[in-house]
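Trainee: The structure follows.
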Amino acid sequence: MQDIHSPCGSGQGEGELVEILTMTEFELIRTFFVRQAVTRSDVAAGIGDDAALLIPPPGQQLAVTSDLMVSGVHFLSDTDPFSLGHKALAVNLSDLAAMGAEPAWFMLNLVLPAADGRWLEAFCRGMFRLARDHGVQLVGGDTSRGPLAIAIEAHGFVPEGKALRRSGAQPGDRLYVTGTLGDAAMALRHRLGGIRLPEGDLSALAQRLDRPTPRVKEGILLRDIASSAIDISDGLVADLGHILELSRVGARIDIAKIPLSPECRRHVREAGWDTVLATGDDYELCFSVPEKNVAAMEKLQFDSGFSRIGVIEPEAGLRIQDEAGKPYRTQHAGHDHFNEPDNSPDTNKHSAKTSKGVI
């Protein structure tokens, strides 16, 4: 007999003690999901019916995103379930942040090899704690048995005409990123045996890999400032490339201006700049700002901080300048599910984010 705390009994992620011997699919759903309290007035009917009934506010557009995470592809098989629950939701909230959307609802599709109560308790605690932090409501989903996989679809609101897009960058716009880059990639390199990090540095870097912070507040603040935006999930080079392609422009960035944490900076020479620029899992925002909005941009108060890293140019392509002022070329373009060697434990193969544009 297992005694576990149901993460949904109180609607706060940690509820009353429940006993679980064995669970059917519907017992699993009732124990961990149905009893979660509905806390949003725009949810007319949530879990329990054939479909959720939701009430979008007037004057708002609905932003919808979905991410699939598969064990052994997007995360290592020994990833702790609390972190996995957090990250599965966080990567979706990061997509909404890149659109300038305020998160509202999400749906969870979960494939499990077994109905493991202790694993589910920790997974739900991580997921629902982040959901509470952002006022997001679980409104439905599905479960099945099979190799571990997690798919979340998230919904958010953005005022009509205010959404951030990838297609709005113009020559002369300044390029920025939030936070620091390369932390998650550095931790993953360590876990895959590519480098060895001291315990103190690894602890700080692994936090960024396992429990990324979606920049929702920053995305909302950028609605009237930025001309384009994207979240950095597949690496700066790849994701900035999407902005350049859809905006039909080019860009120049300066490696010396890429923001690094002290822990990452100590190891970037050993790991190489490709680890920072072309691996991913940062979940920071990359965005362009017209010159007329730069002064307003510099006054914004971001919890994450922000750094200007380059400029949009009319000539197509991305040009990178190294610390000596010379051209730098990455060896990898960034994560691509269908362009990774199947027999190689490449760091990009384990990026915890579905490649954008692949459906």
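The values are calculated or read from the model by the stated rules, or taken from the named source; none is laboratory data. Remember, predicted model here, so these are calculated numbers, not experimental data. Glycine gets a Cβ as well: all are built from the backbone with ideal geometry, and neighbour counts include every protein chain shown.
Trainee: Keeping to segment 148-162, report how many residues are part of a strand (DSSP E or B) and acidic (D, E).
Mentor: Counting residues in segment 148-162 that are part of a strand (DSSP E or B) and acidic (D, E) gives 1.
Trainee: OK, next. Going through segment 167-185 one residue at a time, which ones are charged (D, E, K, R) and surrounded by 23 or more Cβ atoms within 10 Å (Cβ to Cβ)?
Mentor: If the condition is that a residue be charged (D, E, K, R) and surrounded by 23 or more Cβ atoms within 10 Å (Cβ to Cβ), then D173, D183 are the ones that fit.
Trainee: Moving on to the next point. What is the residue count in segment 243-256 for residues that are hydrophobic (A, V, I, L, M, F, W, C), touching a helix residue (DSSP H, G or I) at 6+ places or on another chain (Cβ under 9 Å) and either surrounded by fewer than 17 Cβ atoms within 10 Å (Cβ to Cβ) or assigned to a strand (DSSP E or B) (or both)?
Mentor: Final tally of qualifying residues: 2.
Trainee: Among (1) touching a strand residue (DSSP E or B) at 6+ places or on another chain (Cβ under 9 Å); (2) in contact (Cβ under 8 Å) with a residue 12 or more places away in the chain, there is one condition P81 misses while meeting the rest; what is its number?
Mentor: Failing condition for P81: (1).
Trainee: Tally time: how many residues in segment 41-68 are out of contact with any helix residue (DSSP H, G or I) (no Cβ under 6 Å at 6 or more places or on another chain), of a type outside the set (S, T, N, Q) and under 30 Å from L209 (Cα atoms)?
Mentor: 3
Trainee: Among the residues of segment 252-289, count how many are farther than 30 Å from G168 by Cβ and either among the acidic types (D, E) or in contact with a Phe, Trp or Tyr (Cβ under 8 Å, 6 or more places away or on another chain) (or both).
Mentor: Total meeting the criteria: 2.
Trainee: Among the listed residues G100, G168, G200, which satisfies the condition of being of a type outside the set (A, V, I, L, M, F, W, C), farther than 23 Å from G219 by Cβ and not in a strand (DSSP E or B)? Before the answer, list the steps.
Mentor: On the way: G100 fails: farther than 23 Å from G219 by Cβ; G168 fails: farther than 23 Å from G219 by Cβ.
Being of a type outside the set (A, V, I, L, M, F, W, C), farther than 23 Å from G219 by Cβ and not in a strand (DSSP E or B) holds for just one of G100, G168, G200, which is G200.
To keep it simple, each residue is scored yes or no on (1) closer than 21 Å to P113 by Cα; (2) modelled with pLDDT of 75 or more; (3) more than 26 Å from the chain's Cα centre (by Cα); (4) in the same structural domain as R118 (by TED's automatic domain parsing).
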| residue | (1), (2), (3), (4) |
| --- | --- |
| P7 | yes, no, no, yes |
| Q12 | no, no, no, yes |
| G15 | no, no, yes, yes |
| I20 | yes, no, yes, yes |
| R30 | yes, yes, yes, yes |
| R35 | no, no, yes, yes |
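Trainee: If you check every pair at least six apart or on different chains, which have Cβ atoms under 9 Å apart with a residue in segment 188-207 that is exposed (fewer than 12 other Cβ atoms within 10 Å of the Cβ) first and a residue that is modelled with pLDDT of 95 or more and among the basic types (K, R) second?
Mentor: Final answer for the pair search is P198/R266.
Trainee: Follow-up question, since we're still on this one. Quickly run through segment 171-187 and pick out the residues that are assigned to a loop (DSSP other than H, G, I, E, B) and among the hydroxyl-bearing types (S, T, Y).
Mentor: Here is the first cut: in segment 171-187, the ones assigned to a loop (DSSP other than H, G, I, E, B) are 171-173, 179-182.
Scanning segment 171-187 gives a single hit, T180.
Trainee: Sticking with this one: Somewhere in segment 110-133, is a residue touching a residue at least 24 places away in the same chain (Cβ under 8 Å), under 17 Å from the mean Cα position of the chain (by Cα) and outside any helix (DSSP H, G or I)?
Mentor: No.
Trainee: Identify the residue in segment 263-295 that is crowded, with 20+ Cβ neighbours inside 10 Å and among the small types (G, A, S) and, among all such residues, is modelled with the lowest pLDDT.
Mentor: Top of the filtered list is G280.
Trainee: Which residues, taken from segment 43-75, are assigned to a loop (DSSP other than H, G, I, E, B) and surrounded by 15 or more Cβ atoms within 10 Å (Cβ to Cβ)? Walk me through how you get there before you give the answer.
Mentor: Of all residues in segment 43-75, those assigned to a loop (DSSP other than H, G, I, E, B) come to 46, 48, 50-52, 55-59, 72-74.
Scanning segment 43-75 gives G46, A52, V73, H74.
Trainee: Let me ask you something else. Go through (1) touching a residue at least 60 places away in the same chain (Cβ under 8 Å); (2) crowded, with 20+ Cβ neighbours inside 10 Å; (3) out of contact with any His (no Cβ under 6 Å at 6 or more places or on another chain) for I232 and report which single condition fails.
Mentor: (1)
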